[in-house]
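S.K.: Input: one structure, supplied below.
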Amino acid sequence: MFQKMFGWIVMGCILLTGQGVAMSQSNQKAATIVVLLGPPGAGKGTHATAMSEHLSLPHISTGDLFRENIRNNTVLGQNVKSFMNQGKLVPDELVLDMLFQRMEAPDCARGCILDGFPRTVAQAQALDAKLSKNTRIIALNFNVPDSVLIERITGRLVCKDCKKPFHKRFDPPRQANVCDTCGGTLVTREDDQESIVRKRLEVYHEESQPLIEYYAKKNDSLREVDSQNPKEQVFRDILLALSTLKTKESL
Ligand SMILES: [Zn+2]
């Protein structure tokens with residue numbers, strides 16, 4: 001009886017101290033952080049959801065984390081909000097605090113999929129510094145030529161009235177510029193105009209190139225995926241790119 005109780009107490013202690021696992025303790029099991037890199041419109045979000053299910057790793061998007069903390073009115077959330085309200089960029093330190101807090105949850109013990117972080121080499125270094133030796137990082141780079149992205153994004157149309165989305169080439173309306181559902185006029189969102197898309201891609205390349213090089217230099221950390229292929233094929237390629245993990249790291 002006492003032995004049994006003692007056993008439960010010991011187990012409880014292990015479970016409690018086991019929290020915060022993946023990140024900062026040294027005696028933990030191997031974990032893998034998959035970092036998603038790629039330009040806007042490359043399909044990272046869509047594939048992240050599927051990967052998360054397939055690999056049973058939580059998908060952590062920094063954008064979602066911001067919103068969640070603001071919604072729950074946490075101290076971090078209040079801080080983020082004050083920067084956003086002033087139209088300022090949220091400082092790295094705050095992003096890191098929020099992210100590391102999330103990564104200490106028990107569901108991240110085996111690792112996680114990071115979407116929207118790191119964006120800079122400094123952030124990547126901060127992440128490296130935080131992780132234990134048993135945690136490895138795989139950066140998955142979604143490659144799509146700019147010309148393909150521009151066609152994808154600038155071809156988008158949306159109904160002015162019911163907001164139904166169309167695409168000039170991939171999902172055209174029955175009648176040009178008229179909504180199939182409500183007969184409303186189809187328009188191109190301002191963000192989707194070619195000059196704006198080109199500018200966004202330019203900023204992306206400038207920002208991300210050093211990051212891609214950073215991971216390329218790290219031992220066996222960078223994986224490339226050709227993301228202009230059909231979705232199913234891209235997903236197969238992703239699993240293939242990560243498959244070496246299963247044998248090496250028991251992902
Ligand atoms: Zn409509």
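Conditions (1) modelled with pLDDT under 90; (2) outside any helix (DSSP H, G or I); (3) not β-branched (Val, Ile, Thr), marked per residue:
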{"site": "Val34", "(1), (2), (3)": "no, yes, no"}
{"site": "Ala48", "(1), (2), (3)": "no, no, yes"}
{"site": "Met51", "(1), (2), (3)": "no, no, yes"}
{"site": "Ile60", "(1), (2), (3)": "no, yes, no"}
{"site": "Leu65", "(1), (2), (3)": "no, no, yes"}
{"site": "Val90", "(1), (2), (3)": "yes, yes, no"}
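Table: residues versus (1) over 30 Å from Ser243 (Cα atoms); (2) of a type in the set (Asp, Glu); (3) in contact with a helix residue (DSSP H, G or I) (Cβ under 7 Å, 6 or more places away or on another chain); (4) within 16 Å of the ligand (Cβ to nearest atom).
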| residue | (1), (2), (3), (4) |
| --- | --- |
| Lys133 | no, no, no, no |
| Ala139 | no, no, yes, no |
| Pro145 | no, no, no, no |
| Thr154 | yes, no, yes, no |
| Cys162 | yes, no, no, yes |
| Phe166 | yes, no, no, yes |
| Phe170 | yes, no, no, no |
| Arg174 | yes, no, no, yes |
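S.K.: Could you please find all residues in the range 180-199 being more than 16 Å from the ligand (Cβ to nearest atom), surrounded by 16 or more Cβ atoms within 10 Å (Cβ to Cβ) and of a type outside the set (A, V, I, L, M, F, W, C)?
M.R.: Correct list: Asp192 only.
S.K.: Name the single residue, out of those in the range 151-179 being within 16 Å of Val197 (Cβ to Cβ) and touching a Gly at 6+ places or on another chain (Cβ under 6 Å), that is surrounded by the most Cβ atoms within 10 Å (Cβ to Cβ).
M.R.: Ile153
S.K.: To continue, here is another question. Among what's in the range 92-140 and is small (Gly, Ala, Ser) and more than 16 Å from Gln209 (Cα to Cα), pick the residue that is surrounded by the most Cβ atoms within 10 Å (Cβ to Cβ).
M.R.: Gly111
The values are calculated or read from the model by the stated rules, or taken from the named source; none is laboratory data. This one's a predicted model, so the numbers in the text were calculated from it and none came from an experiment. When we count neighbours, we look across all protein chains shown, and the Cβ atoms used for this are built from the backbone with ideal geometry, even at glycine.
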